[in-house]
1. Let me check something: with ligands and nucleic acids excluded, how do B:Asp413, A:Asp837, B:Asp271, A:Asp556 order by accessible area (1.4 Å probe), largest to smallest?
2. Work out which residues of region A:391-411 lose at minimum 10 square angstrom of accessible surface when the other protein chains are put back, relative to the chain isolated, with a 1.4 angstrom probe, and list them by number.
3. Quick one: if the Förster radius is 35 Å, what FRET efficiency do A:Arg163 and A:Met61 give, using the C-beta to C-beta distance and rounding to 0.05?
4. What accessible area, in Å² to the nearest ten, does a 1.4 Å probe give for B:Glu33?
5. Provide the solvent-accessible area of B:Met381, counting protein heavy atoms only and rolling a 1.4 Å probe, rounded to the nearest 10 Å².
6. For the Cα atoms of chain B, what angle does the longest principal axis make with the long axis of helix B:40-50, in degrees from 0 to 90, nearest 10?
7. Using only Cα atoms, figure out Rg for region A:718-863 and give it as a multiple of 2.2 N^0.38 Å.
8. Using modelled backbone amide H atoms (1.01 Å from N, in-plane), which distant-in-sequence or interchain residues come within less than 5 Å of A:Leu145's amide H?
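The values are calculated or read from the model by the stated rules, or taken from the named source; none is laboratory data. Here the structure is a predicted model, which means the values were calculated and not measured. Don't worry about glycine lacking a Cβ; one is built from the backbone with ideal geometry, like all the others, and counts go over all protein chains shown. For accessibility, only protein heavy atoms count, side chains too; no ligands or nucleic acids. Shrake-Rupley method; radii C 1.70, N 1.55, O 1.52, S 1.80 Å.
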Amino acid sequence: MTARIELNGRWVDATEGRDLLSTCLENGVDVPHFCWHGALGSVGACRLCAVRVYSGPDDTMGRIEMSCMTPVRDGMRVEVEDAEAGRFRAHVIEWLMLNHPHDCAVCEEGGACHLQDMTVATGHRNRRSDAPKRTHARQDLGPFLTHEMNRCIACYRCVRFYRDYAGGHDFNVFGAHDRVWFGRAEAGALDSPFAGNLAEICPTGVFDDKPWSQHYARPWDMTETPAICTHCSVGCNITLHERAGTLRKVQNRYHGAINRFFLCDRGRFGPWFVDAPGRITAPRHNGADVTPDGALAIARQAVANGAIGIGSPRASLEANFALREMVGPDRFFAGISDAEVAQVARMLAILQSTPASIATIKDFESADAALVLGEDLTATAPRAALALRQAARGAEKALAGEKGVPDWLDQAVRVAGEGRRSPIALVTPLPDALDDAASHPLRRAPDQVAAFGFAVAAALRGEAAEPEAMAVAAALAQASAPLLVAGLGLSRAEPAEALAAIAAALGAKARIALFPPEANSFGLALLSPKGGLESALAANPAPLIVLENDLFQRADPAAVNALLSRAPLTIALDCLDTATTARAGLVLPVASMAEATGTYVNHEGRAQRSLAARRPTDSAPAAWRVLSQIGGLFANNARLDDVLARLATKIATLAGAATAAPLADAMPPVARAPESYSGRTAHDLAGRVAAGTLPQTDPDSGMGWSMEGRRGADVPPALSTGPHRPGMHSVSAAYAAQTTIGGPLKGGDPGALLLVKTETPGQALTDPSPKGDGLRWLPLHTPFSASETDHASPPLAARAPATQLLLHPDDAARLGLMAGAQALVDGQPCAARVTLDACMPRGWVGLTAPRGRSHLVTLGAAP
Amino acid sequence: MSDTLPLTGHARADRTPHSLAEWRAIGGYRAVERALQMTPLELVNLVDAANLNGRGGAGFQAAKKWRFMPPVGTSPGIGSNYLIVNGDEMEPGAFKDRFLLEAMPHQVVEGAIIAAFATHSAQAIILIRDDYRAGITAIRRAIAEAEAANLLGTNILGSGFNLHMRVHPSAGRYIVGEETALISALEGGRAIPRKRPPFPAQSGLWGRPTTVNNVETISLVPHIVANGAQWFRALSRTEEGGTKLYGVSGMVKTPQLIEAPMGSTARELIDRCGGVSGTGVLRCFQPGGGATPFLEPADLDTPMDFGHMAKAHSMLGTGALIVLDTGTCPVAVTARHIAFYARESCGWCTPCREGLPWAARILTALEDGTAKPRDIEILRMTAAEAGPRGRTFCDLMGGAMGPLASLLARFGDLVEAHLDGGCPIRRGQL
Ligand SMILES: Cc1cc2nc3c(=O)[nH]c(=O)nc-3n(C[C@H](O)[C@H](O)[C@H](O)COP(=O)(O)O)c2cc1C
Ligand code: SF4
Ligand code: SF4
Ligand code: SF4
Ligand code: FES
């Protein structure tokens, strides 16, 4: 219901019953606050958001109230600048600063600190206490986060995020009164794969990004570039912070339909691979250095000899397209298994033909029932898992609403909701990280997961089914926005088929999300490769051009070995040394995502532009440029927009990719460095480049490389890293760029949705059941490591668990394997020791291994 | 059990609890029998007519609170209503509930049964301060006896009413006495208050409708049912019904617990304690415990009920009368109080968590003679900025600011005098 309120003398429309703080912020009135957060709601702890509220025209006195705890009432008058309210806010800061160490000079947060901003905003200046300050112990929290508890202002945001929002257990608030302390019971890496968000949720410098701290630059001394996370198919939006040519920090970049306020740790710490020791800096031929021209000549010869191209779900759309252009559509293959090519293509077909709508991550949160079929979502699409946790709270919010408790009153909702949970069914082979949020945590062997889904579909059609499937079907049928989720985590096609059947039964109210394995799996599929590695093998022998792809990560090593052995020459383009580049005759360095602007198509079919955060080196340009040089595909001065324009003419379904961001020359350049950036003309180029020889604008994105250019509200969302309002320097101010708190960005959420609905349902896939001796493979996943770029990131590598080999005790006994035994997998010693796990289905072996395996696993004891 | 001292009149001289048989022999549990023949609404109306104000500190009308409790099946959600009896009693100066729990356990259980019936509660929890071991033992035994006699359990006395009652020893924090923090602690969470609204009657323990009443409030209920509203009101000297348990401590000759008509005066109570001790001359008193503002001799004859104390700019609070003679420095007393509240702050909201330790430090510095003039300004600022209702998340801070604000208002000169080398009383200069 709309209400009219008078806000600082101006009448504005508001929503009756909504919290006053959000209402003020949305109307451009920056009421100071700490404990409130757009994703966490109101709890009234910090008392900073005090304003004077008059109940109506007859109220001449008014009251000082905490705006975050006050519901909007029609006719209300609000004075934020009221003297008494302002004085109180300044005193709140004075109290908070009593024990704060005032160590801004050495604090990572300094310069982008919400506490600094609020201190200045309230006007508190002079310290009136000369008492000694309280001190706290700090902890080593692992490779991701620093911990300096003396900076804590006890806003409780961290514990609310970690426990209440993200479902973590190993972090809490301890102690009482002025000794409350936030951390773990004992030092150690935080368990949650979302722990990195603490660096942003904390309004001070208690938690900060540890890799940043170790490669520190002041916040205003780093350039900021909008990029896309390339570590899974969710496609979260990130900001890359750079100085002097090196990455310094990765930060969440708000996207209203996807990540909104939070990233997963894989996304936050994964991009550190771009500065990893394994970067390839110069071309190599048969292990020796080769001149760039020499390398190009070899590559051209290979193309002339009828090379085939192996594309990559890790590489950008433009790079894959350039490869396809060079070798021709008939010689363009995907660097994944044939099975995965078919599965991903089928996922796209299902998304396009299903009556269900394609779920954004934000849609996850508003689902009132959900079914996850087979996917270890926390590991394969982590941000989606975090969103699903919020969906679980829907029923609680509904019951609280019946009791008159508004949904923003966070703690009251948690109580009034009586612990109700929306129905969420998780059908997985092993206990799942989301089990605690699920109403139906169900276990099925990998080959039975889809059967369960088909039973749900049958039940929805009114046919008989097993009781658990009936229960899940009933929950989905009753829901107004049921959510269906599957992926390729089990390397199986049938879960998605089952979802398609369920979606067909539920109709248009359903929302569906299918997560392919990688950031650009869908982009690669939309380029219609001729097949996967097995097909490429059949097309051999021919020289191979492998694009940004460690094939050993994505396909059965035997198939990869066969392919590489048969090829007369393998040319690998990559930024990182991998097992594949080690096997390649010619290795050509290319830019990483930090130096190459490119487009990635996420699980929704949303094309998103990730921008280069620094200039590529001369020896490692963007992969599409290297390919263009080899194949003479584009003019020498071609820009990314030219590639996309050609793509649009060649493949109509991908035409939208060009609109994922504005054309580079559509407007004057956008500034990349803050206005107060130091050493603007000198620091990274001094002595290396003659003045005026480098373009000041990235030709591929239209972003300037410097502090010159457009900034602020002038910048379209695809090129913007945040609101950047004077006086608000921290991520806590992200709300200022949102149309409504937690809603779409002003100017629209960036990206271009590529998928269009078709009527043709397409051909369903079935999964083969491998015959013979041996165990069937159950792929194990971890949130901290999924691909070669993850392995190469030092912080992620430090956090990733050891590889695992899980066996049911009965199978182990049968094979004569004991817990802790060294096993042979397919005759090769396995890095992981045997772990016995009664949750494992019998006849299966849980193994952290590259995907794409199709044959049975033979296990034996190591001699 | 009609008498003028309903709460204490039947206590045994040695203050040991009654057995169920003994309690019944003096008329115990007849009120339960009578109440179970009434409807919950009739009970609420009866308590309303008696004008029973809650004895936990705020003086909120018990009947008004009970009326908010929805009958079973009429509120959203699933599960029982809850009655919680608040025996956390950690207010400095208060020791009244201790007596009721230790010496009169069946009175508490009886009152809780009736209150539970009136509030449609099938679950009752008596939360008791952990240090009150004797009280915990006594109430547990009384509950066991009542269960054995079908005064608790299912179909109580054939009425169809079911009630399960249990004791929960508190973990020993002052804030657990605050009703919403109490509920949070009962759920296994940190003892941190919760926002009201939603009030406990809307969303209390486990989100269910909940009534929290003080031990003394509950103990009065059986007597109202047994003797009627008129009788109850007649016990009082003022509009507010009943007798009151006043606990007198500090500089009096014989500190003690006194049941007296509601609205008795401080002068009477001090006289019954043998008068002021120490110098024998009264400087000031706190009428209702550590968190109530100081009053001076001019208010010795003001009736001590909720209304009159509020009008006198103090509070009846728990009725724990703390007496200061002229040899006792109110700055020192306030310093001790504030240090206690600083320690007991739950740590949730800024003004209390950070403001109280600062104030406590300054008060100690005043006593020690190390304070500076600016410090007194800070005390005034703290009281003015953090004292008003709504500035902090709960009323702990507002309560703590009561004595501080009144100290500054009434004894400003004395406070200033502390700037010259510490407490002038201790230095023999006053
Ligand atoms: C800081 C604080 C401590 C309190 N401690 C107690 C207590 O120990 N016992 C109690 O009965 N009420 C205490 N109260 C009051 C309770 O919140 C609540 O109002 C009371 O238990 C209601 O009972 P009544 O209506 O019978 O008075 C406290 C309140 C505050 C703000
Ligand atoms: S550590 Fe940071 S987020 Fe947590 S309570 Fe302290 S200031 Fe708030
Ligand atoms: S969920 Fe996926 S896209 Fe998002 S931050 Fe994590 S790895 Fe990156
Ligand atoms: S005033 Fe605030 S910090 Fe103090 S006890 Fe209440 S909620 Fe806790
Ligand atoms: S933001 Fe309102 S009290 Fe913290």
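1. These residues rank, largest area first, as B:Asp413, B:Asp271, A:Asp837, A:Asp556.
2. Correct list: A:Leu399, A:Glu402, A:Lys403, A:Val405, A:Leu409, A:Gln411.
3. The calculated FRET efficiency here is 0.30.
4. Counting only protein heavy atoms, B:Glu33 exposes about 80 Å² to solvent.
5. Spelled out: B:Met381, probe radius 1.4 Å, area about 20 Å².
6. On a 0 to 90 degree scale, this one is about 40.
7. 1.63
8. Result for A:Leu145 returns A:Lys210.
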